[in-house]
Amino acid sequence: GAVVSQHPSWVICKSGTSVKIECRSLDFQATTMFWYRQFPKQSLMLMATSNEGSKATYEQGVEKDKFLINHASLTLSTLTVTSAHPEDSSFYICSARGGTLNYGYTFGSGTRLTVV
Amino acid sequence: QKEVEQDPGPLSVPEGAIVSLNCTYSNSAFQYFMWYRQYSRKGPELLMYTYSSGNKEDGRFTAQVDKSSKYISLFIRDSQPSDSATYLCAMSAGNDYKLSFGAGTTVTVRA
């Protein structure tokens, strides 16, 4: 199998606080994980790529100090949105490469973040 | 110009009809082509993947890739209301490369 568990599924936080989103590969080792952001009725926008044990590679225009990514083990990656603001409200989705899928990209169920 | 173009629709069809979806792309380096289905407020689910040009069939789904035209298609036969979702095409240049997504097409299958 290839299951990616993402938590929380939704979160509401106050402006200025930080929020951590977890992405776990349940039945396989994820050598590479990707973090996406998706606005309503729009496609997925890649934010960063992380490989276990190394620093994440951020896409152009993504603030690495604001969106902290940690991939400390082969089964867990976390995205922390620091000092969140209302414009950070979005749907965040992780994807992991690994498992038994021939191509290997499995997506989590997503986290809806609302900053008030 | 976007790297991957996909008509966002929406597309509405009666139950039992054939749903036809397509994407065009500009990067000739793309070798891997995928179709994902995404229900509202959920993560994308892989439906089909194809390497290079050709056709692939899986149940009611058929994926076609024409690299010479930089054009890919997904056909859904005997569509069901449960097929109502957003369908995203995605592609990459290599197995370890990041995916480039289309905008997604919203499909509604009417009972």
Tell me whether the stretch A:83-97 contains one or more residues that are within 14 Å of chain B (Cβ to nearest Cβ), open to solvent by 20 Å² or more (accessible area, probe 1.4 Å) and closer than 20 Å to B:Leu99 by Cα. yes
Based on what the data block shows, is A:Leu74 of a type outside the set (Ser, Thr, Tyr) and away from chain B (no Cβ under 12 Å)? yes
Any residue in the stretch B:44-63 that is modelled with pLDDT of 95 or more, crowded, with 17+ Cβ neighbours inside 10 Å and of a type in the set (Lys, Arg)? no
Answer yes if at least one residue in the stretch A:108-115 is over 21 Å from A:Cys13 (Cα atoms), hydrophobic (A, V, I, L, M, F, W, C), modelled with pLDDT of 90 or more and out of contact with any Cys (no Cβ under 6 Å at 6 or more places or on another chain), and no otherwise. no
Note on B:Ala85: of the conditions (1) at pLDDT below 95; (2) out of contact with any Asp or Glu (no Cβ under 8 Å at 6 or more places or on another chain); (3) within 24 Å of A:Val3 (Cα to Cα), unmet is (1)
Yes/no for B:Gln6 being under 25 Å from A:Phe39 (Cα atoms), out of contact with any Pro (no Cβ under 9 Å at 6 or more places or on another chain) and touching a residue at least 40 places away in the same chain (Cβ under 8 Å): yes
Anything in the stretch A:20-45 that is crowded, with 20+ Cβ neighbours inside 10 Å and either among the hydrophobic types (A, V, I, L, M, F, W, C) or more than 14 Å from every other protein chain (Cβ to nearest Cβ) (or both)? List them, or say none. A:Ile21, A:Cys23, A:Phe28, A:Ala30, A:Met33, A:Phe34, A:Trp35, A:Leu44
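Here's the yes/no breakdown for (1) among the hydrophobic types (A, V, I, L, M, F, W, C); (2) more than 14 Å from every other protein chain (Cβ to nearest Cβ); (3) farther than 20 Å from A:Tyr92 by Cα:
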site: B:Gln1; (1), (2), (3): no, yes, yes
site: B:Ser12; (1), (2), (3): no, yes, yes
site: B:Ser20; (1), (2), (3): no, yes, yes
site: B:Trp35; (1), (2), (3): yes, no, no
site: B:Ser53; (1), (2), (3): no, yes, yes
site: B:Ser73; (1), (2), (3): no, yes, yes
site: B:Arg77; (1), (2), (3): no, yes, yes
site: B:Gly102; (1), (2), (3): no, no, no
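Show me the strands (runs of 3 or more DSSP E) entirely contained within the stretch B:48-111 in which 3 or more residues are within 27 Å of A:Thr49 (Cα to Cα). Please lay out each step first, then the result.
Details: elements: B:54-58, B:61-66, B:71-76, B:85-92, B:105-110.
Per the criteria, B:85-92.
The values are calculated or read from the model by the stated rules, or taken from the named source; none is laboratory data. None of these values were measured; they are calculated from a predicted model. FYI the Cβ positions are ideal-geometry reconstructions off the backbone, even for glycines, and counts take in every protein chain you see. Calculation scope for accessible area: heavy atoms of the full protein, side chains included, ligands and nucleic acids excluded. Shrake-Rupley method; radii C 1.70, N 1.55, O 1.52, S 1.80 Å.
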